[in-house]
Amino acid sequence: MCRPEHYTVSYEINPWMDVTRYTDRDLALQQWEVLYRTYLDWGHTVDLIDPVPGLPDMVYAANGATVVDGVVYSARFRYAERAPEGPAYQKWFADHGFVTHTAAEINEGEGDILMVGDVLLAGSGFRTDRASHRELADLTGREVVSLELVNGHYYHLDTALAVLDSDPAHPLIAYYPGGFSEESQRVLAERYPDAIIATDRDAEALGLNAVSDGRRVVVAPGATDLAVELRNRGFEPHAVDTSELLKGGGGAKCCTLEIREVR
């Protein structure tokens, strides 16, 4: 995770961003701190990367890289405003002893790459090039399933799909069909027939930008339909307000990069 010390909205690269709307950095810090403390209270280990001045979106750590079996696939951002984040995160991992791979193709880390069981789901359409999916498959030796995003408000995969349980024997996701092409909807329905289908209200609250440890799930307070369904499925939803960070287009998952060690 990365504290939002330099957080603001000073440019517009997604539909959530509006440079004319006031952003409260202190409130963003308070909300981020609640999220950070939630993970610690649950017993998880959270490593922190130092924020870099001039990189206001660095708080969205999920975009910084993808880590599979201890190997780091670096982010290569589409927009120049965020381009320096990729090397900053890659250096952090290298300094901490990880094997890193410098991506040749444009990808925005876990924003568009999510691991479900033994499979990697990979989004494209707005930020990440589909060519990166092949690069990722070659690097990890894992199956990579390409999914096409078609709604600009859900410009990253992690805004339209959440991994709830990554047990290879019983993988479970939640997703918003309206974020995907018809073909990708078909793929998701076939692979995950038991998936939770998010409502318009869930999606509009960025409720699918959620984080699950397999039992407890951090969700946006506005994702009330999703919270009900999570309880029905045996999960414990925990509402954490990240509304100030939403002004930059991110929620709990955007702020959280999962480090998957070698199994």
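For residues that are in contact with a helix residue (DSSP H, G or I) (Cβ under 8 Å, 6 or more places away or on another chain) and of a type in the set (A, V, I, L, M, F, W, C), scanning just region 16-43, find the one that is most open to solvent (accessible area, probe 1.4 Å).
Among those residues, the one meeting the criterion is LEU27.
Among the residues of region 1-15, what is the count of those that are open to solvent by 40 Å² or more (accessible area, probe 1.4 Å) and in contact (Cβ under 8 Å) with a residue 40 or more places away in the chain? Steps first, please.
Step one: of region 1-15, the residues open to solvent by 40 Å² or more (accessible area, probe 1.4 Å) are 3, 5-6, 8, 10, 12, 15.
Keeping just the survivors that are in contact (Cβ under 8 Å) with a residue 40 or more places away in the chain gives 3, 5-6, 8, 10, 15.
Residues that pass the stated criteria total 6.
Do you know which residues across region 182-228 are among the polar types (S, T, N, Q), closer than 20 Å to SER124 by Cβ and open to solvent by 20 Å² or more (accessible area, probe 1.4 Å)? Don't jump to the end; show me each part of the working.
First, pick out the residues of region 182-228 that are among the polar types (S, T, N, Q): 184-185, 199, 209, 212, 224.
From the residues that got through so far, the ones that are closer than 20 Å to SER124 by Cβ too are 184-185, 209.
Residue satisfying the conditions is GLN185 alone.
How do the strands (runs of 3 or more DSSP E) wholly within region 65-175 filter down when requiring 1 or more residues that are modelled with pLDDT under 95, surrounded by 17 or more Cβ atoms within 10 Å (Cβ to Cβ) and among the polar types (S, T, N, Q): which remain? Walk me through how you get there before you give the answer.
Values: elements: 65-68, 71-74, 99-101, 113-116, 119-124, 144-148, 161-165, 172-175.
Once the strands (runs of 3 or more DSSP E) in region 65-175 are filtered for at least 1 residues that are modelled with pLDDT under 95, surrounded by 17 or more Cβ atoms within 10 Å (Cβ to Cβ) and among the polar types (S, T, N, Q), nothing remains.
State whether one or more residues within region 36-45 are on the phi > 0 side of the Ramachandran plot and without any contact (Cβ under 8 Å) to a residue 40 or more places away in the chain. It would help to see each step written out before you state the result.
Looking only at region 36-45, we keep the residues that are on the phi > 0 side of the Ramachandran plot, and these are 43.
In the following step, the residues that additionally are without any contact (Cβ under 8 Å) to a residue 40 or more places away in the chain were identified as 43.
Within region 36-45, one or more residues are on the phi > 0 side of the Ramachandran plot and without any contact (Cβ under 8 Å) to a residue 40 or more places away in the chain.
Quick check, is LEU206 in contact with a strand residue (DSSP E or B) (Cβ under 8 Å, 6 or more places away or on another chain) and of a type outside the set (Gly, Ala, Ser)? Reasoning before the result, please.
Details: in contact with a strand residue (DSSP E or B) (Cβ under 8 Å, 6 or more places away or on another chain): no; of a type outside the set (Gly, Ala, Ser): yes.
It is false that LEU206 is in contact with a strand residue (DSSP E or B) (Cβ under 8 Å, 6 or more places away or on another chain) and of a type outside the set (Gly, Ala, Ser).
For region 16-35, what are the residues that are in a loop (DSSP other than H, G, I, E, B) and in contact (Cβ under 8 Å) with a residue 12 or more places away in the chain? Show your work before the answer.
So the first thing to find is which residues in region 16-35 are in a loop (DSSP other than H, G, I, E, B), and the list is 16-24.
Selection gives TRP16, MET17, ASP18, ARG21, THR23, ASP24.
The values are calculated or read from the model by the stated rules, or taken from the named source; none is laboratory data. If you're wondering where the values come from, they're calculated on a predicted model, not measured in any experiment. Glycine also receives a Cβ, built like all others from the backbone with ideal geometry; neighbour counts cover every protein chain displayed. The area values use the complete protein model at the heavy-atom level, side chains included, leaving out ligands, DNA and RNA. Shrake-Rupley method; radii C 1.70, N 1.55, O 1.52, S 1.80 Å.
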